[in-house]
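Student: Shown below is the structure under consideration.
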Amino acid sequence: MIGNPNSGKTTLFNALTGLRQKVGNYAGVTVEKKEGRMRLHNGRTAHLYDLPGLYSLTPHAPDEVIAREALMGLRPDTPPPDVILNVVDASCLERSLYLTSQLLDLGTPVVIALTMTDIATSNAIQIDAEALAEATGVPVVSVHARKRRGLAELIHAIERAAQEDARPGQSWQPPQELVREIQPVQIALQRERQLSSRVAFVEAITLLMQDESRDGMPLSGPIRTEVIAARERLEAAGVGFAERMVEARYQWIARVLERAARLTLESPASGMRISASALSNRIDRLVLHPVLGYVLFFGIMAALFQAIFTWAEAPMTLIEEGINGLGAQIAARMPEGDLRALLIEGVLGGVGAAMVFLPQILMLFFFITLLEDTGYMARAAFLMDRLMSKVGLHGKSFLPLVSSFACAIPGIMATRTIGDPKARLITILVAPLMSCSARLPVYALMIAAFVPDRPVLRIAGLTVLTLPGVTLLAMYLLGMCAAFAMAWVFHRTLLRGISPTFLMEMPTYRLPSLKTALMQTVERAWLFVQRAGTIILAISIVLWGLSTYPKRTDLPPGERLAHSFVGQMGRTLEPLIAPLGFDWKIGVGIVASFAAREVFVTTMGTVYNVDDAQSDAGQVTLRQKLQEDTDPRTGRPVFTPLVAICLMVFYVLAMQCMSTLAVVRRETNSWKWPLFQFGYMTILAWAVTFAVRQAGRALGYT
C-alpha cells in the first residue's frame, strides 16, 4: 500500500487489517514498517505492507528509499509485491497521479483506491471512477474507509489483480531523444544487476535525474560509465533531463484528468454547500493567525491536560482500590513470610503503583491521535515553525518533538526525515526534553499528593481549569521551552548554521476516526502493560530484595530500611541531591529510574511498602504514605509541595532513560553525542531544580 501523505492511507490500512497488524522497523534502519493481515473473500490471507507516504519514487530521504526498494522487490526483509495498492486522493488527483504514473512503470499489478471523494465533491470536483480506470488501465475502486464503503469491492479487485497477474502497460511515453539516453543505462542495469526490463527502466530514469548516484552508493563500472556518458550528451545538447521527464508525465496526467475529472461550477445562490477547501481556509484564518493561533494552541493543550486529570480520576481510583483489595486478600490468605512480602510489597507495591496511572497515559495518546486525525497537528507544525526556525530547528522537527510526548525513542527515529544534518542533530539532542508518557506517572503522583484541587479559571460559574491541570500543563510547557532554549544555544555554538526553510502540505480538515484512535490507544496500552510486566516487574523484585536485606531484626521497623542495601546506596547519593531538597529515598528512586522514568513511582511504592511492612500493607495509598513520611533526624516532612515541584522539574529536564541514550548512539553512530546529551541534561536538571528550590524558599515555602 502506497500513496501521498494525508491521502487516507493509514485509515484504509486499519480498516482492511483491523487488529491483525504489527509495527516494527525495517532491517538496519529506523524507518517504521507496518504489516497487517487482510482476509480475502476466497478464504486466503494477504499480507499488507503500509509503506511510508511519499510523492514520487525519486528518493531523497531514507523513508523514500525504503518505499522504492520495497516496491521494486530489492529489499531482502520484504517480499516483492504481488499487487500494489495505490491510495489516490480524489481531492488532489493531479498531484496523486504523478506517483501513480511511476508505479505503473514498474509492471506490477496495480489497484487504485480512490479516497477523499466526499471532499472532492464538496470542492465541486466530480471523479468518474470508470473513466479513470479506462484512462490508467488499472482497476479503480472508490472507498470511504471510516464508513467501510467500497472495502468489499476493493478486496475483490485486489484478488482479481493477483490471480490474473495483469501487468499494466507503460502509462506515458518519454520524449524519443530521452529514450535514446535511457536505453544504454537500462541495458547495463539489466546485465549488471539482473533487473527486469521494467525495473531497470525505472532505475535508469532515477539515476539520470539525480545529481549523484542513489543513496550516495558508488555505481559499478559499466553502469557508471553509461550514466556519465548520457549526462554529458544531454548537457552538450542543452537538454534538461529531469524537467523534460516531469513535463512528459504531466502531459499524460492532463489527458487522464480530461477524461476522468470535471468541475461542477455552481453559484452560491444555488444552495450549494461551502466546499471543504473553502471551509478549511476559513478555519485557518483563526488557527494560523499570528496571535490567536498561539492562544488557541495553548488553550487546546490546557484543555487536554485538564481533561486528563479530571476524567482519569475515577478509573485511577478503581485501579488503586482493586490493587489494595488484592493486597488485602493476599495478606489474609497467605502466612507471613518473604513470599507474601514479595507479592504485596514488591509486585503490587511496584507494578501496581505504575498501573494506577495507565488511564492518564491512554487519554493523552487518545487525544493526540484525534488531533492528528483532524488535520490540526499539521497546522500546529506550521505555527510552531515560526518559533522553531529562529532557534535552529527545522519545521519537520515539530512532528518528532510531538512524538516525543509519547516517547522520545520514536521521536528521535522520526528525525530521519530531516534532510539538514545539523538541524537533525539538534532535534535529537533536545527531543528528550519533551515530557514523555513515562514522566506522566511522576507528575501525576506528585500533583495528586501535594497540589491542592483549587479552581483557577471559572466561566459562567463552571470550573474550566484547576490548579492540578495548570501544574501539569506547566511541566509540559517547561519541557518545550527548555527544548527550544537548548536548540537556540546549540544552533549558535556547537552546531552553528543557517535556519532551514520548511515546506509542508496542509491537509483538509476532517472528522477524526474514533476507531483509528481507539486502535492506536489499545496498542499503546498493551505496550505499557508489557513494560509493566517485564522491566518494571523485574526492577520491583530487585528493589524489594535490596530494600529487605540485610535483615536487621535488632532495629525498630522504621529504621530497618535505612540500613538495607537500598538505604546504604541512597545515603551515599544523598550529599549530591540534598541541595535540591531530596532525601536518600528519593535518591534511590532517581537511580532506579535510569532504566525507565516511570520506575520512580514503582520504586517509591516498593520502598514505602517495605518501610510500612509491619502494618496492614496495601491498605494505605502511596500518596498518603508520601504525605505522612517524616525525616526521623529532624521530624520534618520528607515531601512538601516545594519538594514535589522540584522533583517534577528535575524529571522534566533530566535524562532518565538508558533506552533513549542507546537509540541516540545508534542514530548518531557515536557515543560522543549520547554522553554529551546525558551530561548537559543532568547539569541542566540539577541547576534549574536548585534555582527553583532557592526561589521557593525565598518566597517562604519549605
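A short reminder: the numbers here are calculations on the coordinates, not readings from a lab. All values derive from a computational prediction rather than experimental measurement. All Cβ positions, even for glycine, are placed from backbone atoms using ideal geometry, and neighbour counts span all protein chains on display.
Student: For an R0 of 30 angstrom, estimate the FRET efficiency from the Cβ-Cβ distance between Gln163 and Arg95 and round to the nearest 0.05.
Tutor: Step by step, r from the Cβ atoms, then E = 0.45.
Student: OK, next. Mind checking which lysines have their Cα closer than 19 Å to the Cα of Lys551? Skip sequence neighbours fewer than 8 apart in that chain.
Tutor: The qualifying lysines are Lys585.
Student: Taking the mean number of other Cβ atoms within 10 Å as a proxy for protection, how do you rank 641-648, 85-92, 655-662, 688-695 from highest to lowest? Write out the running numbers ahead of the final one.
Tutor: Numbers: 641-648: 22.1, 85-92: 24.9, 655-662: 19.8, 688-695: 16.9.
Descending mean neighbour count gives 85-92, 641-648, 655-662, 688-695.
Student: Separate question: Work out from phi, with θ = phi - 60° and the Karplus expression 6.51 cos²θ - 1.76 cosθ + 1.60, the ³J(HN,Hα) of each residue of the stretch 98-111, listed in order in whole Hz, and give x for Gly and Pro.
Tutor: With the stated coefficients, the stretch 98-111 comes to 4, 5, 4, 4, 6, 5, 5, 5, 5, x, 7, x, 10, 10 Hz.
Student: Using 0.36 nm times the number of residues separating Glu153 and Met334, minus their current alpha carbon distance, what extension gain do you get?
Tutor: Fully extending the segment from Glu153 to Met334 adds 59.2 nm.
Student: Please list, in order along the stretch 239-248, the HN-Hα scalar couplings obtained from phi with the Karplus expression 6.51 cos²θ - 1.76 cosθ + 1.60 (θ = phi - 60°), rounded to whole Hz, x for Gly and Pro.
Tutor: Computed from phi, the couplings for the stretch 239-248 are 9, x, 4, 4, 5, 5, 5, 5, 4, 5 Hz.
Student: For Thr682 and Ala236 in one chain, what is 0.36 nm times their gap in residues minus the Cα-Cα distance, to one decimal in nm? Can you show the working numbers first?
Tutor: On the way: separation 446, 0.36 × 446 = 160.56 nm, distance 5.89 nm.
That pair, Thr682 and Ala236, stretches by 154.7 nm at full extension.
Student: Suppose each label sits 7 Å from its Cα in the direction of the beta carbon; what would the Gln694-Gln176 distance come out to in nanometres?
Tutor: About 8.2 nm, to one decimal.
Student: Based on the Cα gyration tensor of the stretch 2-164, what are the three equivalent ellipsoid semi-axes, each the root of five times an eigenvalue, rounded to whole Å and given largest first?
Tutor: 23, 18, 16
Student: Could you work out the relative contact order of the stretch 634-702? I mean the mean sequence separation of Cα pairs under 8 Å and 6+ apart, divided by the number of residues, in percent.
Tutor: About 47 percent, as a whole number.
Student: Quick one: compute a quarter of the convex hull surface over the Cα atoms of the stretch 176-263 and quote it in nm².
Tutor: 7.1
Student: When ranked by the protection proxy of mean other Cβ atoms within 10 Å per residue, highest first, what sequence do the peptides 299-307, 113-121, 281-289 form?
Tutor: Values: 299-307: 17.6, 113-121: 22.6, 281-289: 14.2.
Per-residue Cβ counts within 10 Å, averaged per peptide and sorted highest first, yield 113-121, 299-307, 281-289.
Student: What pairs from Lys33/Lys422; Lys33/Lys147; Lys625/Lys672; Lys34/Lys672 go past 30 Å between their alpha carbons? Mind dumping the intermediate values first?
Tutor: Working: Lys33/Lys422 26 Å; Lys33/Lys147 26 Å; Lys625/Lys672 42 Å; Lys34/Lys672 32 Å.
Correct reply: Lys625/Lys672; Lys34/Lys672.
Student: Oh, and also: Mind listing the phi-derived Karplus ³J(HN,Hα) values for the stretch 471-478, rounded to whole Hz, using 6.51, -1.76 and 1.60 with θ = phi - 60°, and x for any glycine or proline?
Tutor: Once θ is set to phi - 60°, the couplings for the stretch 471-478 become 5, 5, 4, 4, 5, 5, 5, 4 Hz.
Student: For Gly3, enumerate residues with amide H under 5 Å from its amide H, sequence gap 5+ or separate chain, H modeled in the peptide plane.
Tutor: Here Leu54, Val87 satisfy the definition.
Student: Principal axes first, then extents: for the Cα atoms of the stretch 515-698, list largest minus smallest coordinate on each axis, whole Å, largest first.
Tutor: Sorted largest first, the three principal extents are 52, 42, 33 Å.
Student: Near the amide H of Ile84, under 5 Å away, which other amide H atoms are found, from residues 5 or more places off or on another chain, if H is placed in the peptide plane?
Tutor: Residues meeting the criterion, in which the H sits 1.01 Å from N, are Val110, Val111.
Student: Label points 7 Å out from Cα along the Cβ direction at Thr310 and Leu467: separation in nm?
Tutor: If labels sit at Thr310 and Leu467, their model points lie 1.8 nm apart.
Student: Continuing with the same structure: State the Cα centre-to-centre distance between the stretch 286-328 and the stretch 81-118 in whole Å.
Tutor: With the stretch 286-328 and the stretch 81-118 each reduced to a Cα centre, they are spaced 40 Å.
Student: Loop only by DSSP, 12 or fewer other Cβ within 10 Å of the Cβ. Give me the trypsin sites (Lys or Arg not before Pro) in the stretch 116-158 that pass, ordered by residue number.
Tutor: Counting only loop positions with at most 12 other Cβ atoms within 10 Å, the trypsin sites (Lys or Arg not before Pro) in the stretch 116-158 are Lys147, Arg148.
Student: Among 241-247, 515-521, 442-448, how do they line up from the highest to the lowest mean number of other beta-carbon atoms within 10 Å?
Tutor: In descending order of packing, they fall as 442-448, 515-521, 241-247.
Student: On to the next question. 7 Å from Cα along Cα→Cβ at both Phe297 and Leu318: what's the point-to-point distance in nm?
Tutor: 3.6
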